[in-house]
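The values are calculated or read from the model by the stated rules, or taken from the named source; none is laboratory data. Small disclaimer: the values here were computed from a predicted structure and weren't measured. No Cβ is skipped: glycine too gets one built from the backbone with ideal geometry, and neighbour counts run over all protein chains shown. Quick note on the areas: whole protein, heavy atoms, side chains included, nothing else; ligands and nucleic acids left out. Shrake-Rupley method; radii C 1.70, N 1.55, O 1.52, S 1.80 Å.
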Amino acid sequence: MTGKVLLVAGARPNYMKIAPLWWAMRERGDERFVPVLVHTGQHYDDRMSAAFFRDLGLPEPHINLGVGSGSHAAQTAKVMTGFEQVLLAERPDVVVVVGDVNSTAACALVTSKIDLGGNGRPVRPVLVHVEAGLRSRDRDMPEEVNRVVADALSDVLFTTCRDAADNLTREGLPRERIRFVGNPMIDSLRRCLAAADRCGFLERVGLQERGFGLCTLHRPSNVDHPEVLERVLDALAEIAADAPVLLPLHPRTRERIARFGLGERVASLARPGRGAPKRGLVGVEPLSYLEMLQAMRAAAFVLTDSGGIQEETTALGVPCVTLRENTERPVTVTEGTNVLAGPGPLADALGAARRKAAGGARVPELWDGHAGERIVAALAEASP
Ligand code: UD1
């Protein structure tokens with residue numbers, strides 16, 4: 001499976017998953033691979049997109065579909081029509097989709113139905129899904145639908161943890177398609193940690209190592225309904241009574257906080273020279289990748305509804321409470337530092353996460369910084 005390989009990214013959590021494949025193909029110097037970076041443009045603000053390409057040392061995407069925001073159907077449809085043209089023009093041998101965003105499912109669908117043959121015998125690229133087999137079993141999550149679609153259609157399924165294969169075989173996917181390679185997101189983390197430590201973000205905002213908590217919040221289930229968002233912010237305020245909790249604001253969350261009139265619950269960062277607040281929720285604009293890594297590594301604890309951050313905190317050994325009822329990444333709970341918030345007080349869950357991080361937690365198998373190399377080696381091996 002060599003030749004021209006389209007590496008598809010659409011939204012913020014995708015970039016750290018394609019970067020290790022780009023590095024492995026370029027650094028391996030294997031001329032049989034011609035990687036092409038395709039950005040669908042699902043995320044487009046500098047701080048949701050280009051800043052990450054810079055931090056990861058990726059070139060600008062070779063192709064950007066510029067689809068922008070929209071309803072699920074509108075966004076998915078725009079990606080599909082745009083990506084169809086890309087496939088017809090580029091005629092790739094392999095298409096790699098990663099993660100579980102709308103662009104992942106959209107590009108998987110188009111790839112699995114394209115015909116590049118034109119002579120009566122269908123010819124289509126090999127479809128590869130990286131981070132296959134994660135399941136929350138919550139079909140109300142748009143990401144769960146995207147995962148099921150991408151996995152069902154893919155020819156090759158690369159998994160980040162052992163339990164993913166069982167999820168896939170239970171859905172009827174043949175074992176021969178599945179390969180456990182470890183977690184490419186942790187490749188990016190390991191590669192960028194030293195640069196993150198030097199990025200100066202914490203100094204700029206006046207926060208001390210272990211002197212603050214870090215929170216991210218963007219799931220529709222947490223931020224789209226006024227009463228739910230109010231309840232979540234109240235629970236966070238209790239935790240932030242003793243120490244500041246830094247809250248980088250996703251555009252969706254910022255908009256909902258303003259629309260629901262909840263703005264007074266989130267302080268903005270004190271102006272430079274005034275020092276950071278001593279307590280309370282402190283809203284800041286979305287962080288770049290290096291800023292986020294530095295903040296995550298230095299935080300006393302993390303509260304999040306993100307998928308990737310559950311994995312990154314486990315790799316870093318930082319206590320993490322996931323502000324959701326379920327997780328598609330159970331290995332971060334059974335082995336790592338992650339605890340699901342549950343119905344009880346947030347402080348109890350945080351106590352449990354702190355105890356895990358203090359002893360007993362470990363980094364899951366093959367989260368060792370070499371998943372990208374294993375994926376590229378597996379693709380090369382499968383070639384005639
Ligand atoms: C998407 C992914 C989610 C991922 C998240 C990470 C899907 C279904 N969801 O959710 O899995 O965890 O990205 O951030 O694919 N916006 C901007 N600038 C941007 C991008 C978005 O202002 O660069 C605003 C727009 O108002 C948009 C809203 O954010 O309507 C939501 O963006 P969207 O891509 O639809 O979903 P996310 O919540 O970001």
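If packing is taken as the mean number of other Cβ atoms within 10 Å per residue, what is the order of 230-243, 98-111, highest first?
98-111, 230-243
Please give the charge dipole size of the chain, origin at the Cα centre, charges +1 on K and R Cβ atoms and -1 on D and E Cβ atoms. Round to the nearest 20 debye.
Using only the charged Cβ atoms, the result is roughly 340 debye.
What residue among T332, V266, P364 has its Cα farthest toward the positive end of the dipole of segment 235-376, where the charges are +1 on Lys, Arg and -1 on Asp, Glu, each on the Cβ?
Of the options given, the answer is V266.
Cut-off under 17 Å on the C-alpha distance; same-chain residues fewer than 8 positions from K113 excluded. Which lysines are left, in chain and number order?
The reachable lysines, counting only those whose Cα sits under 17 Å from K113, are K78.
Could you do me a favour and compute the accessible area per residue for segment 323-379, 1.4 Å probe, result in Å²?
With all protein chains present, segment 323-379 gives 45 Å² per residue.
Name the residue, out of E335, E131, E203, whose mean-square fluctuation peaks in a Gaussian network model built on the chain with Cα pairs under 10 Å.
In this elastic network of the chain, the residue with the biggest mean-square fluctuation among E335, E131, E203 is E203.
What is the dipole size for segment 1-144, taken about its Cα centre, with +1 at each Lys and Arg Cβ and -1 at each Asp and Glu Cβ, in debye to the nearest 20?
On the way: 16 positive and 17 negative charges, 59 e Å.
Dipole magnitude for segment 1-144 comes out near 280 debye.
Relative to the longest principal axis of the chain, what angle (0 to 90°, nearest 10) does the C-alpha long axis of helix 142-153 take?
Helix 142-153 sits roughly 20 degrees off the main axis of the chain.
Which lysines, on any chain, are close to K278 with Cα under 17 Å apart, when same-chain ones fewer than 8 places away are left out?
Straight-line reach from K278, under 17 Å: no lysines qualify.
Using a Gaussian network model of the chain with C-alpha springs under 10 Å, which one of G280, G342, G213 is most mobile by mean-square fluctuation?
Taking springs between Cα atoms under 10 Å, the residue moving most is G342.
So which aspartates and glutamates pass the test for K356, namely a Cα distance under 12 Å, with those fewer than 8 places away in the same chain ruled out?
The qualifying aspartates and glutamates are E335.
If I take R0 = 51 Å and measure r between the Cβ atoms of E60 and E238 in this structure, what FRET efficiency does the formula 1/(1 + (r/R0)^6) give, to the nearest 0.05?
Rounded to the nearest 0.05, the efficiency is 0.70.
Towards the positive end of the charge dipole of the chain, with charges on Cβ (+1 Lys, Arg; -1 Asp, Glu), say which of L316, T104, G213 has the farthest Cα.
Farthest along the dipole direction, towards plus: G213.
Per-residue HN-Hα couplings for segment 287-304, Karplus 6.51 cos²θ - 1.76 cosθ + 1.60 at θ = phi - 60°, whole Hz, x for Gly and Pro?
The phi angles translate into 8, 6, 4, 5, 4, 5, 4, 5, 5, 5, 5, 8, 5, 5, 7, 10, 10, 7 Hz.
With θ taken as phi - 60° and the coefficients 6.51, -1.76 and 1.60, list the Karplus ³J(HN,Hα) couplings across segment 232-249 in order, rounded to whole Hz; mark glycine and proline as x.
The phi angles translate into 5, 5, 5, 5, 5, 4, 5, 5, 7, 5, 9, 8, x, 10, 6, 10, x, 9 Hz.
Averaged per residue, what accessible area in Å² does segment 178-253 show with a 1.4 Å probe, protein chains only?
Per residue, segment 178-253 has an accessible area of 44 Å².
Whenever you get a sec, compute what percent of the accessible area on the chain sits on carbon and sulfur atoms (1.4 Å probe).
50 percent
Separation between the D163 and Q208 pseudo-spin-labels, each 7 Å from Cα along Cα→Cβ, expressed in nm?
3.8 nm
Among 183-193, 61-71, how do they line up by average Cβ neighbours within 10 Å per residue, starting with the highest?
Ranked by mean Cβ neighbours within 10 Å, highest first: 183-193, 61-71.
For R91 and A258 in the same chain, what is the full-extension length gain: residue separation times 0.36 nm, less their Cα-Cα distance, in nm?
55.6 nm
If r is the Cβ-Cβ distance from V284 to A380 and R0 is 41 Å, what FRET efficiency results, to the nearest 0.05?
0.45
Simple spin-label model, 7 Å along Cα-to-Cβ: V34 to D138 in nm?
4.4 nm
When averaged across all projection directions, what area in nm² does the alpha-carbon convex hull of the chain cover?
Average of the hull's projected areas for the chain equals 18.6 nm².
May I ask for the equivalent-ellipsoid semi-axes of segment 200-358, computed as the square root of five times each C-alpha gyration tensor eigenvalue and listed largest first in whole Å? Numbers along the way, then the final one.
Values: eigenvalues 96, 76, 39 Å².
Each semi-axis is the square root of five times an eigenvalue, giving 22, 19, 14 Å.
How much FRET efficiency would the formula 1/(1 + (r/R0)^6) give for A347 and E176, where r is the Cβ-Cβ distance and R0 is 56 Å, rounded to 0.05?
On the way: r = 47 Å, r/R0 = 0.85.
With R0 = 56 Å, the Cβ-Cβ based efficiency is 0.75.
Ranked from highest to lowest mean number of other Cβ atoms within 10 Å per residue, what is the order of the peptides 316-324, 85-93, 19-27?
Descending mean neighbour count gives 316-324, 19-27, 85-93.
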